[in-house]
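What follows is one structure encoded as structure tokens, with my remarks underneath.
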Amino acid sequence: MPTFRHGKRTAVLLNATDMSPFLNEATQTQEIETAETTTFADEDKTYITGLGDGTISVSGMFDSTAGASDPVLRGTIGQEDNTFTVLPEGTVAGRRSIIANGQLTSYEVSSPVGDVVAISAEVQADGGLFSGLALSDLATVSASAGQDTGIDNGSATSNGVLANLHVTENTHDGNAVFKVQHSTDGVSWADLVTFTTVSASSTTGESVTSTGNVNAYLRSTYTLSGSAGSVTYHISAARR
Amino acid sequence: MTAYRVLVGLDYAGKRAEPGDIVSDLPPKSVGWLTAQNIVEKVGDAPKAPAAPVETESPKMREQQSQEEG
């Protein structure tokens, strides 16, 4: 039986902001160039694959209040290294995530006389758009440490991962450290990606790339120093 | 029990080990892949470099000494 998902659960995370309350459409496009290799003897054109590329387009409603759609998107134009995650199946761990690090290449505000003021934006992936998995829910945590359930890919891969961290809310009074770990057996876990330490009450988005071997199991972990407050975060990883 | 030096940060059996730590309670099931991937190394397994001879007198010093004595 096919498993279909309704679009209403889609979530879009941009740097330190959960953009989902402002958006109503998200489209991710993965492309790969082809180079023609047709020769005189051929009856049909032939090609080999070349460079990959990707874009993410979003649209929704205009909101000019602090931290809402307009200031966040407007502030992202011209800014390097933005962390984008689209979750077409919702923010649940183990579900599909489309992730990239990239640049916002367009931001449009439209004001029709008979409708709500709308926005649209396009992101150009810088270094590739990848299909991965959410390693965590969009979770709010306050314990000193914890980890999400490991996800088994079935086999190891050899080309590293792109991992995206979004910390969308943070009232914690100490540093927070987030990691992606990998394992062969789901029993012992080695650090694979360590994100930059998030200081007290800070929010952030960060993309980190690893190279080389990635074992079959992946999971995310967090460690909070300090004693009060909570952190809301989401981590995805895509094998390259 | 066999001891291992941790080379990459590691969580196992509800514990955390940082690079440089020496641990001796790794899950037997994990030892193989952890060593194969250089995440831990068996302590003492690495071949020791031969100790360099300690030279108390250089040939030049010996030459000077014999000239002084002569």
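The values are calculated or read from the model by the stated rules, or taken from the named source; none is laboratory data. Just so you know, these numbers come straight off a predicted model, no measurement behind them. The protein model used for the area step is the full one, side chains on, heavy atoms only, and it has no ligands, DNA or RNA in it. Shrake-Rupley method; radii C 1.70, N 1.55, O 1.52, S 1.80 Å.
Considering A:Leu138, A:Leu133, A:Leu162, the condition of being under 18 Å from the mean Cα position of the chain (by Cα), of a type outside the set (Lys, Arg) and open to solvent by less than 40 Å² (accessible area, probe 1.4 Å) is satisfied by A:Leu162 alone. Specify the residue that is most open to solvent (accessible area, probe 1.4 Å); the eligible residues are those in region A:90-123 that are part of a loop (DSSP other than H, G, I, E, B) and among the hydroxyl-bearing types (Ser, Thr, Tyr). The selected residue is A:Ser111.
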